[in-house]
1. Per residue of the chain, what 222 nm ellipticity follows from adding -39500 (n - 2.57) for every DSSP H run with n ≥ 4, rounded to the nearest 500?
2. Relative contact order for the stretch 117-200: what is it in percent, counting Cα pairs under 8 Å that are at least 6 residues apart?
3. Which one, Val260, Leu190, Ser70, is farthest towards the positive end of the dipole of the chain when Lys and Arg carry +1 and Asp and Glu -1 on their Cβ?
4. Would you mind putting 59-71, 129-141 in packing order, based on average other-beta-carbon counts within 10 Å, highest first?
5. On the first, second and third principal axes, largest extent first, how far apart are the outermost C-alpha atoms of the stretch 140-248 in Å?
6. Along each of its three principal axes, how wide is the spread of alpha-carbon positions in the stretch 54-198, in whole angstrom units, largest first?
7. Only four residue types carry charge here, +1 at the Cβ of Lys and Arg and -1 at the Cβ of Asp and Glu. Report the dipole size of the chain about the Cα centre in Debye, rounded to the nearest 20.
8. Tally the DSSP beta bridges in the stretch 129-260 and give the antiparallel ones as a percent, rounded to 5.
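The values are calculated or read from the model by the stated rules, or taken from the named source; none is laboratory data. Predicted model only: the values in this text are computed from it and were never measured. Glycine gets a Cβ as well: all are built from the backbone with ideal geometry, and neighbour counts include every protein chain shown. We work out accessible area using only protein heavy atoms, side chains counted, and drop any ligands, DNA or RNA first. Shrake-Rupley method; radii C 1.70, N 1.55, O 1.52, S 1.80 Å.
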Amino acid sequence: MSLTPALAAPFPLTLTVLGTASPHPGPDRPCSGYLLRGGGAEVWVDAGPGTFAELQRHSDPARLTAVWISHLHADHNADLLSAVYALAYGGLTPDAPIPVYAPAGCAERLAGFFGRADTGFLKGVLDFRTLHDGHTVRYGGLTLTARAVTHDVEAYGLRAEADGRVLAYSGDSGPCAALTELADAADLFLCEADIDAHREGEQVHLTPEDAGRTARAADARRLLVTHVGPTLTPGTATARAAAVFGGPTATARVGDTHAV
């Protein structure tokens, strides 16, 4: 089910799509980013280029409960730079530093954009907390759990739960048992379908068939296809994933809000 943001409040868990592009943003299509609402919390999940602007269409960034970053490739985190400028210098200052859950080294990379070796100057607006496999945090009625997945850098998928509803998010991942476990019986499985086919010996992304196969093995209720790369179109990727999954399948589109 897709909803406008104004209709999202009555639902216990919603996902608003801020960006889906890989590996770079396009016109009207930012890179990976989502706004997760549930249990009284609002979490910016992945901060790909262009998503901070889209986030402002749906929420006040200064009121974010947390930020959650799946891995340190730029198409999933580079707009943290925009957030720092807005929160520290642009008049969107939060009442307290916003927790940022990310793999180790995220703060150092961000500080590097400012030519700074230390990260202390970021602490006024962002509070970096290192993710690990099984990392679980709760805000109000929303529980976030990270699971390490297969990629070419340290990477995590996300399982979010509120009021008995479950969202699973692949981040960037190759086929792996951890991803299937993460999506177990999820009401909505937000899954990448980045590549048309695997290169020999390379298992760092999913084909549409991999996404559909994972959703089916996990017994997910619905599949939402995202992060489709330049060798595919979103429509083609979604159709291919649906053919394997056999369940309700849709394309993640910027601006759409989905009830989980």
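1. Numbers: 7 runs with 54 residues, N = 260.
So the calculated ellipticity at 222 nm is -5500 deg cm²/dmol.
2. Here the relative contact order equals 19 percent.
3. Positive-end residue among those listed: Val260.
4. Numbers: 59-71: 19.8, 129-141: 14.2.
The densest-packed peptide leads the list: 59-71, 129-141.
5. 42, 30, 21
6. So the extents along the principal axes, rounded to whole Å, are 42, 36, 27.
7. Numbers: 19 positive and 29 negative charges, 101 e Å.
Computed about the Cα centre, the dipole is about 480 debye.
8. Numbers: 16 of 26 bridges.
Just about 60 percent of them are antiparallel.
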